[in-house]
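First the structure, in the form of structure tokens, and then the observations on it.
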Amino acid sequence: MSEERLTLTVKDRVAIVTYRNPPVNTTDLAAYRAFTELFRSLNVREDISAVVLHTLGKGFMAGNNIHEIKTHTVESHADYQEHLIDTFESISNCRYPVICAVQGYALGAGFAFPACCDLIVASEDAYFALPEITLSVISGVGYALKLFPECIARYACMT
């Protein structure tokens, strides 16, 4: 993945993780691998005390690249899901508090990223949705459960 899509800067003991993938900040296999590697590398650092995860653009993240998902076979999708889970676990298990700054839309996997963080700071125009029901999957429900009671999370995923 191009290093321009995912960057890390450290200032005043705060690690700032920035993701940028115009036009809508979709994620793909390369992005998941890069996120996992970056968050795991943070655990061995001694020069930081907190992490801020944010994106550039009008919305936080539109989720998985649907064009890539549609090319998956059963086997390749299982591998993809493993990388996705590794990424979210690397964020959840980060040794430092992770603060997610959300602006605009946070859809599908873009909903799961903030759900894995310790704190979400959302702009007034932020909204969260799990539109993957249109693809006949509800993989986001597990991450929605981190934020909402189960009945509300399932309702959100299916509507």
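The values are calculated or read from the model by the stated rules, or taken from the named source; none is laboratory data. Note that the coordinates shown come from a computational prediction; the quantities given were computed from them, not determined experimentally. Using ideal geometry, Cβ is built from the backbone for each residue, glycine included, and neighbour counts are taken over all protein chains shown. The area values use the complete protein model at the heavy-atom level, side chains included, leaving out ligands, DNA and RNA. Shrake-Rupley method; radii C 1.70, N 1.55, O 1.52, S 1.80 Å.
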Item to complete: Would you confirm whether any residue within segment 11-34 is in contact with a helix residue (DSSP H, G or I) (Cβ under 6 Å, 6 or more places away or on another chain) and of a type in the set (Ser, Thr, Tyr)?
Response: yes
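Output the residues belonging to segment 48-71 that are outside any strand (DSSP E or B) and over 21 Å from Leu119 (Cα atoms).
Residues of segment 48-71 outside any strand (DSSP E or B): 48-49, 56-60, 62, 65-71.
Correct list: Asn65, Ile66, His67, Glu68, Ile69, Lys70, Thr71.
Can you tell me how many residues within segment 93-121 are over 11 Å from the mean Cα position of the chain (by Cα) and either within 22 Å of Arg13 (Cα to Cα) or buried (at least 23 other Cβ atoms within 10 Å of the Cβ) (or both)?
Of segment 93-121, the ones over 11 Å from the mean Cα position of the chain (by Cα) are 93-99, 101, 103-105, 118-121.
Restricting the remaining residues to those that are either within 22 Å of Arg13 (Cα to Cα) or buried (at least 23 other Cβ atoms within 10 Å of the Cβ) (or both) gives 93-99, 101, 105, 118-121.
Of the residues in segment 93-121, 13 are over 11 Å from the mean Cα position of the chain (by Cα) and either within 22 Å of Arg13 (Cα to Cα) or buried (at least 23 other Cβ atoms within 10 Å of the Cβ) (or both).
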Practice prompt. Could you please let me know if Phe111 is touching a residue at least 40 places away in the same chain (Cβ under 8 Å), assigned to a helix (DSSP H, G or I), out of contact with any Gly (no Cβ under 8 Å at 6 or more places or on another chain) and within 25 Å of Pro22 (Cβ to Cβ)?
Written response: no
Fill in: Tabulated pairs, segment 26-44, first within 16 Å of His67 (Cβ to Cβ), second aromatic (Phe, Trp, Tyr), C-beta under 7 angstrom, 6+ apart or interchain
Leu29/Tyr80
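For segment 42-85, name all the residues that are of a type in the set (Gly, Ala, Ser), under 19 Å from Val102 (Cβ atoms) and more than 14 Å from the chain's Cα centre (by Cα). Break it down stepwise before answering.
Narrowing segment 42-85 to residues of a type in the set (Gly, Ala, Ser): 49-50, 57, 59, 62-63, 76, 78.
Checking the rest, the ones that are also under 19 Å from Val102 (Cβ atoms) come to 50, 57, 59, 62-63.
Answer for segment 42-85, where residues must be of a type in the set (Gly, Ala, Ser), under 19 Å from Val102 (Cβ atoms) and more than 14 Å from the chain's Cα centre (by Cα): Ala50, Gly57.
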Worksheet item: How about segment 6-42: which of its residues are touching a Gly at 6+ places or on another chain (Cβ under 9 Å), open to solvent by 20 Å² or more (accessible area, probe 1.4 Å) and assigned to a strand (DSSP E or B)?
Response: Thr26
